[in-house]
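Below: one structure, written as structure tokens.
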Amino acid sequence: MPEENKCLDKKDSCPAFNDELLRKIAEHPCYEQKAQHKYGRIHLAVAPKCNIQCNFCVREFDCVNESRPGVTSKVLTPEEALEKTREVLAAYPFIKVVGIAGPGDPLANDATFETFELIKNEFPQLTLCMSTNGLLLPEKLQDILRVGVSTLTVTVNAIDPEIQAKIVNHIVYHGKVYRGVEAAEIQIKNQLEGIKAAVDAGIVVKVNTVLIPGINDKHVVEIARKINELGVYIMNVMPLINQGAFADIEPPTAEERKAVQEACEPYVLQMRHCRQCRADAYGLLSQDMSQMSEERRKLTKIRTKEDMEKAKEILDKNGKTEA
Ligand code: CLF
Ligand code: SF4
């Protein structure tokens with residue numbers, strides 16, 4: 001019998017989950033399945049550098065631990081990112097989450113923190129979200145908290161160093177290159193310590209795991225067990241995108257992925273609606289407006305504004321308009 005899933009009752013039992021955090025979860029399109037059709041996110045592509053080399057990553061593309069590779073996202077400065085946020089939010093007020101997810105690793109780029117500072121000062125009501133490979137998580141946690149990130153994704157593809165060594169070619173840690181099991185041990189230790197410290201500090205943590213047939217497919221349930229112990233809120237098992245050194249590995253079928261999710265479900269809540277979006281995506285998860293023509297974007301905007309006005313009319317009629 002699996003142990004009790006600590007995450008599923010966390011909302012009620014964990015004092016860190018105050019009303020403000022519960023609102024943020026309810027409005028987060030990745031953390032709350034029901035929110036995906038109502039609320040959107042904007043990704044700010046301010047983080048080009050990465051400090052590790054995953055075997056499924058081709059650097060011309062966005063970080064595939066959180067993204068689907070396409071044409072590389074155009075890297076923005078923190079000021080450009082703020083300006084883009086202003087424009088996008090004015091047009092699409094249903095966007096509630098600002099995320100930094102690449103194109104490299106957010107923690108390996110100072111611009112990540114500068115950008116979050118700017119966004120927090122101008123839009124304090126928004127949820128700040130970040131996705132990382134976790135190598136620098138313990139040492140950057142205070143910065144993450146300082147800038148007000150409340151939802152954090154860490155990609156954990158293995159907790160067994162022998163398996164992780166097959167997935168990551170090398171890491172660059174404090175100016176030194178590490179390979180093989182030695183690199184894997186450093187990264188796993190930092191990921192697990194960092195996740196525990198982030199959860200203890202009141203951050204709502206999601207774990208992404210890339211499902212790689214023949215490499216970690218039998219091991220993913222071990223990860224689920226471990227992250228349950230650490231208090232992770234939700235897990236996203238993502239299918240491998242086969243490129244780079246893993247170009248010859250066949251990605252998992254939908255059935256194989258579903259079977260792994262079902263095996264993990266008793267331990268940790270499963271996210272099943274991930275769109276593997278780009279590091280510069282914005283809009284609803286199902287409707288990445290960064291990839292739309294200007295014309296289609298305008299139509300969506302009109303529809304959104306009309307919908308909002310219609311909703312307001314109905315509420316007014318019923319005397320339920322919020323102050
Ligand atoms: Fe972005 Fe990721 Fe935050 Fe969501 S995405 S940083 S948690 S706001 Fe969401 Fe996109 Fe899947 Fe990521 S659908 S790739 S899980
Ligand atoms: Fe590529 Fe992301 Fe891995 Fe870095 S962490 S090597 S950007 S997939």
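Each reported figure results from applying straightforward, stated rules to the coordinates on display, with no laboratory input. Not measured: the values here are computed from a predicted model. Cβ placement follows ideal geometry from the backbone for every residue including glycine, while neighbour counts extend to all protein chains displayed.
When a/c is below 1.5 the answer is rounded, else prolate if a/b is larger than b/c, else oblate, so apply that to region 118-199 with a ≥ b ≥ c taken from the square roots of the Cα gyration tensor eigenvalues.
Working: a/c = 2.78, a/b = 2.31, b/c = 1.20.
Prolate is the answer for region 118-199, as a/c is 1.5 or above and a/b outweighs b/c.
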Out of residues 5 or more away from ASN157 or on other chains, whose amide H comes under 5 Å of its own, with H placed 1.01 Å from N in the peptide plane?
none
Output ³J(HN,Hα) for region 81-95: one whole-Hz value per residue in order, computed from phi by the Karplus curve 6.51 cos²θ - 1.76 cosθ + 1.60 with θ = phi - 60°, and x for Gly and Pro.
5, 5, 4, 4, 4, 4, 5, 5, 5, 5, 7, 10, x, 6, 7
For region 169-192 and region 244-281, what is the separation of their C-alpha centers, rounded to whole Å?
24
Residues meeting the amide H criterion for TYR173 (H placed from the backbone, H to H distance under 5 Å, 5 or more places apart or on another chain) are TYR178
Which order do the peptides 57-63, 86-92 take when ranked by the mean count of other beta-carbon atoms within 10 Å per residue, highest first?
57-63, 86-92
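Going through the cross-link list LYS49/LYS74; LYS34/LYS84; LYS74/LYS96; LYS176/LYS226, which pairs have a Cα-Cα distance over 25 Å in this structure? Intermediate values should be presented prior to the final figure.
Details: LYS49/LYS74 13 Å; LYS34/LYS84 27 Å; LYS74/LYS96 22 Å; LYS176/LYS226 29 Å.
Pairs exceeding the cut-off: LYS34/LYS84; LYS176/LYS226.
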Which ³J(HN,Hα) values, rounded to whole Hz and listed in residue order, are derived for region 191-201 from phi using the Karplus coefficients 6.51, -1.76 and 1.60 in 6.51 cos²θ - 1.76 cosθ + 1.60 with θ = phi - 60°, glycine and proline given as x?
4, 5, 5, x, 4, 4, 5, 5, 4, 4, 7
Expected vector for region 136-145, Karplus 3J(HN,Hα) from phi with 6.51, -1.76, 1.60 and θ = phi - 60°, integer Hz, x for Gly and Pro, equals 9, 4, x, 7, 9, 4, 4, 5, 4, 5
